[in-house]
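Just below is one structure, and these are the notes that go with it.
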Amino acid sequence: MRIRVIRAAIFVLIAVVFMVLAAAPGTRVLAPVLLESLIPSSKVSLGDVVFSFKPSVSFSDVLVEIPGIFSFKAKSVAVMPDLSGNRSPKFKVYLDKTALDILSFSGFLEEGQKMAKGDPRAGSEGMISVFHLKGMRVRSLDPGVQGEADISLSIDVIRQTVLEGALRMNRIKKGSFEASGISMDVTSPGTAEFAVESLVSGKFRISDVEGVLRQKGITGIEIGSFSGKMFGGALSGYGAAGRAAGGYTMDLVADGVDMAKATMELGLGDKIDLAGIMNGDISLKGRFSGPELLTGSLSLASKAGTLLVKDKRFFEMVAEKTRQPLEIVKASFEDYEYTTGTVNLDLDGKDLIMTVYLEGDKGKRDIKVILHDAIDIKGGKK
């Protein structure tokens with residue numbers, strides 16, 4: 001995460017240098033020299049530099065690179081001062097076909113307000129504090145990721161805080177992970193509300209997702225007021241993401257989960273019918289490539305539930321293990337009704353393990369169900 005902050009700071013520094021050099025003679029020679037002196041171990045190259053009478057200056061084929069840490073490439077960077085104001089001029093830096101390590105984007109960066117005279121956070125009077133990123137269209141350079149985002153942001157580079165901003169994204173997809181109808185709006189400095197119409201990961205689907213993101217320090221995010229719908233029930237909870245969390249963590253409460261709908265949506269309809277309404281807790285921990293740990297426990301909330309096993313292989317395994325006739329084993333699961341039920345959840349790699357403990361008038365029934373490739377992730381419990 002520290003490297004990400006360094007990358008962002010270098011990006012802003014590059015924009016500032018382009019603004020300063022917008023009207024300087026010999027820019028093609030001066031810009032690389034100045035940037036390489038400001039950014040240790042960097043390599044800087046420029047293509048053509050074109051001045052116009054607007055006034056403006058444009059740079060082509062821009063490359064700023066620190067091997068192994070940072071790489072900024074741009075097909076075109078245009079700098080245009082705004083002389084309409086009575087105060088010192090502002091500048092807009094237009095970016096086209098630009099790449100920053102893992103993202104490509106186009107749009108423009110505009111100088112914002114400056115630090116007040118004597119402000120202890122400023123190295124000198126007039127130091128730029130806020131930059132505005134407008135009309136930014138962002139996409140991943142990973143060919144496996146589909147989708148683009150429209151972003152506008154106002155960033156206080158001194159406080160390292162997002163002051164204003166909005167994000168809109170119709171769809172993003174990678175592998176079996178897909179999210180659609182994504183929006184995020186900064187409601188106050190360091191705080192944003194987000195919504196996702198549909199979120200799919202492997203065999204799991206969550207709809208009507210909402211929540212609040214709060215910036216914690218430079219590298220942390222607190223996830224609050226999280227809510228969503230899954231398997232006919234509701235999810236709510238909170239979490240954290242960033243360096244301190246080692247990725248992300250989520251603690252969720254599940255309310256009114258329809259187990260019949262869950263077994264159908266998870267692709268277990270030809271194996272088992274488990275009916276009943278359950279409540280419980282679910283905890284997630286992982287990196288941004290996917291969950292590495294999932295634990296949870298759901299308990300029967302309705303008066304009763306039913307179980308119907310359809311898998312012939314299951315009956316054969318039970319008959320062999322208990323040394324009972326196959327027909328007797330089948331009969332023990334017919335018309336089974338339970339009044340006490342618990343479903344424990346665990347993750348083993350990409351496989352979700354559901355351990356079901358039921359008890360009713362016909363006795364206890366314990367079943368372990370393994371959903372192979374239930375979640376599209378890297379990692380998991382070994």
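Some notes on this structure:
- Condition check for VAL253 on (1) part of a strand (DSSP E or B); (2) over 26 Å from the mean Cα position of the chain (by Cα): one failure, at (2).
- Test: residue in the range 276-292 that is surrounded by 18 or more Cβ atoms within 10 Å (Cβ to Cβ), more than 21 Å from ILE206 (Cα to Cα) and out of contact with any Ser or Thr (no Cβ under 7 Å at 6 or more places or on another chain): no
- One residue stands out among those in the range 347-361 that are surrounded by fewer than 16 Cβ atoms within 10 Å (Cβ to Cβ) and charged (D, E, K, R): the one that is farthest from the chain's Cα centre (by Cα), which is ASP361.
- Some residue of the range 253-269 being within 22 Å of ASP373 (Cβ to Cβ), surrounded by fewer than 18 Cβ atoms within 10 Å (Cβ to Cβ) and without any contact (Cβ under 8 Å) to a residue 24 or more places away in the chain: yes
- Residues that are under 19 Å from THR355 (Cα atoms) and either within 30 Å of the chain's Cα centre (by Cα) or surrounded by 15 or more Cβ atoms within 10 Å (Cβ to Cβ) (or both) within the range 313-325 comprise PHE314, PHE315, VAL318, listed in sequence order.
- Scanning the range 167-213 for residues that are surrounded by fewer than 17 Cβ atoms within 10 Å (Cβ to Cβ) and closer than 22 Å to LYS134 by Cα yields a total of 13.
- ALA331, sole failed condition from (1) modelled with pLDDT under 80; (2) surrounded by fewer than 15 Cβ atoms within 10 Å (Cβ to Cβ): (1)
- Strands (runs of 3 or more DSSP E) completely within the range 174-224 that count 2 or more residues being in contact (Cβ under 8 Å) with a residue 40 or more places away in the chain and on the phi < 0 side of the Ramachandran plot: 204-216
- Residue list for the range 271-312, restricted to those being outside any strand (DSSP E or B) and under 17 Å from VAL356 (Cβ atoms): LYS271, GLY276, ALA301, SER302, ALA304, LYS310, ASP311
The values are calculated or read from the model by the stated rules, or taken from the named source; none is laboratory data. Note that the coordinates shown come from a computational prediction; the quantities given were computed from them, not determined experimentally. Note: ideal-geometry Cβ built from the backbone for every residue, glycine included; neighbour counts use all protein chains shown.
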